[in-house]
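This report refers to the structure that appears directly beneath it.
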Amino acid sequence: MRLVGSSMRIDSGTGEVLDDFATWRDTRAGVLMVPCGNRRADKCPACSRVYARDMFEVIRAGLVGGKTVPASVKSAPVVFATLTAPSFGHVHGTRRKKDGTPARCRPRDSAQRCAHGRPIGCNRTHHAGDAMLGVPLCSDCYDWDTAIVWQYHAPELWRRFQIAMKRALAARLGVDERDLKTRASVQFARVAEYQARGAIHFHALVRLDGPDGPGSPAPLDADTLASLVAEAGHTVRFTAPPVDADDTERTLRFGSQLDAHPVLTSRLTDAGQTETLTAEQVAGYLAKYATKSAGTDTHDGKALPHLEHLQAVCESLSSRWWASGRPDLDDGERGIYDRLGACAPMLGFRGHFSTRSRAYSVTLTRLRKARAKFARLQADAQRSGQPLDVADLEARLLADDDDSTLVVGNWMFDGQGWETSHDAALANAAADRARQYDQHRADVRRSDAA
């Protein structure tokens, strides 16, 4: 984004001007280019990469410590949970046999048909990238309306899951829910991801701490915590109100394919193999999906029709809601489906794509402040001609101390994007080289680990 204006950094104690910047004086083009900060990879690959790095550090620190988090969290029980949407109708998908080899999609007698005359099965073997993945076997049998209503209320199901999880933990420990903090503390980091069918599902890391903060001895082990997380996920229910007079109430829940297993410990897979989820694997997995686009998957450059249809259904339900006059509401009161139309690009989902509990790890805000502080330290070192002091640099950057400087600025939005094609080409080339370098470092780390 292009900004015009000026700013001064002032010592709040002495009133001395430490730094003075103005776009019309200190920039070549008279504007200041700043990152847009968009987390979505399809909108801005550069900013989404920064966001993914920050999310990686946030999630990893909550597993192994660092970034103001004590290293004792390594010994805390941690569970990796996946909460999916229920079935709204049969869709094409990838299947696996018990030995891990690909299996047919939905093997059925080809002569069997649904009420609309379409086959109820699929004997093909689908692979990643297949345009048929997620497409309903019969679009008329598929419950599109319920899929959107579930999506819209998924944040409420997640909220109730947190409550159910704490209640199950309190019951296991034999204490009242209000006294749970005297025995344990539940922290989490969660990201939302779209499946091929367009339904949202949640990946969550759930960590159990003792009553004395992150890393303090927990009263239960990881296997017990995993069973409590699964129990909570299966018991969550929410009754969604009808969209209009022609609609009906729906009892919403998570899908039956709910997975919860410990992290940082070995487990036996269905194929009889032993695997261990490491902190880096989990953090990288969640950080990757925190930057994925919502409902914009494409095949050969074209939007997938079933996702476009989900958007159209969302807009249709929103129109029905507003046309109903919202009879259950008083004048001036906000209705429950008022945001349904605005959420159509997100296929009805209205929640955050990444979130965490406050005591899980370091915050994104603190990481961003540390980055800005590092840039100021670098600038001060260059002006003074002295090398940057790197002793305990991370601790100094992340320290929650009061900044003795005051920033006074006056900025206006001038536009978005590069002004010339040459600047855009240089920026794209630099970003491409940076991504290649990141990929090279990742390949080196994987080869070293192997």
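Answer rounded, prolate or oblate for segment 1-41, using the Cα gyration tensor with square roots of eigenvalues a ≥ b ≥ c: rounded when a/c is under 1.5, else prolate when a/b is larger than b/c, else oblate. Oblate shape, in that a/c is at least 1.5 and b/c is the bigger or equal ratio. Label-to-label distance for residue 156 and residue 350 is 0.9 nm, based on points extended 7 Å past Cα in the beta-carbon direction.
Anisotropy class assigned to segment 90-149 is oblate, per the alpha carbon gyration tensor with a/c at or over the 1.5 cut-off and a/b no larger than b/c.
With 30 Å as the limit on Cα-Cα distance, the pairs of 43/369; 43/97; 166/369; 166/288; 288/369 that go past it are 43/97; 166/369.
Separation of segment 172-232 and segment 10-25, taken as the distance between their Cα centroids, equals 47 angstrom.
Computed from backbone phi, the HN-Hα couplings of segment 131-136 come to 5, 7, 4, x, 7, x Hz, rounded to whole numbers (Karplus: 6.51 cos²θ - 1.76 cosθ + 1.60, θ = phi - 60°; Gly and Pro given as x).
Do you know the relative contact order of the chain, to the nearest whole percent, from alpha carbon pairs under 8 angstrom that are 6+ apart? After rounding, I find 23 percent. Close amide H contacts of residue 304 (hydrogens built in the peptide plane, cut-off under 5 Å, sequence separation of 5 or more or a different chain): 299. Our summary gives segment 101-184 a relative contact order of 17 percent, counting only alpha carbon pairs under 8 angstrom and 6 or more residues apart. Sites counted here are GluC sites (Glu not before Pro) in a DSSP loop (not H, G, I, E or B) having no more than 16 other Cβ atoms within 10 Å; the longest part of the chain that contains none of them is 17-248.
One chain, two ends: residue 239 and residue 257. Fully extended at 0.36 nm per residue, the span grows by 4.4 nm beyond their Cα-Cα distance. Note on residue 376 and residue 436: their simple-model spin labels are 3.7 nm apart, each label 7 Å out from Cα toward Cβ. Each residue of segment 75-84 was assigned a 3J(HN,Hα) from its phi angle through the Karplus curve 6.51 cos²θ - 1.76 cosθ + 1.60 (θ = phi - 60°); the sequence is 8, 6, x, 10, 10, 9, 10, 10, 10, 9 Hz, with glycine and proline shown as x.
Multiply the residue separation of residue 410 and residue 108 by 0.36 nm, subtract the distance between their alpha-carbon atoms, and state the gained length in nm to one decimal. Don't skip to the end; give the middle numbers.
Values: separation 302, 0.36 × 302 = 108.72 nm, distance 6.73 nm.
Full extension of this stretch gives 102.0 nm more.
Can you classify the chain as rounded, prolate or oblate using the Cα gyration tensor, where a ≥ b ≥ c are the square roots of its eigenvalues, rounded means a/c under 1.5, and otherwise it's prolate if a/b beats b/c and oblate if not? Cα axes put the chain in the prolate bin. For segment 191-217, list residues with backbone N below 16 Å from a point placed 7 Å from the Cα of residue 182 toward its Cβ? Within reach of a label on residue 182, which here means backbone N under 16 Å from a point 7 Å along Cα→Cβ, segment 191-217 contributes 211-212. Between 98, 74, 181, where does the largest GNM mean-square fluctuation fall for the chain, given springs only between Cα atoms within less than 10 Å? So, out of 98, 74, 181, the one fluctuating most is 98.
Within the accessible area of the chain, the carbon and sulfur atoms contribute 50%, probe 1.4 Å, all protein chains present. Entry note, segment 91-137: relative contact order of 44 percent, from Cα contacts under 8 Å with a spacing of 6+ residues.
Residue by residue, segment 176-183 carries 3J(HN,Hα) couplings of 5, 4, 5, 9, 4, 5, 6, 10 Hz when phi is fed to the Karplus relation 6.51 cos²θ - 1.76 cosθ + 1.60 (θ = phi - 60°); x denotes Gly or Pro. From its DSSP helices (H runs of at least four residues, each -39,500 (n - 2.57)), the chain gives a residue-normalised ellipticity at 222 nm of -11500 deg cm²/dmol. For residue 103, the residues 5 or more places off, or on other chains, whose built amide H falls under 5 Å of its own are 95, 96, 97. With protein chains left intact and a 1.4 Å probe, residues in the chain average 55 Å² of accessible area per residue.
The values are calculated or read from the model by the stated rules, or taken from the named source; none is laboratory data. On a predicted model such as this, the values are computed, not experimentally measured, just so you know. Using ideal geometry, Cβ is built from the backbone for each residue, glycine included, and neighbour counts are taken over all protein chains shown. Keep in mind that these areas ignore ligands, DNA and RNA; they rest on the heavy atoms of the full protein, side chains included. Shrake-Rupley method; radii C 1.70, N 1.55, O 1.52, S 1.80 Å.
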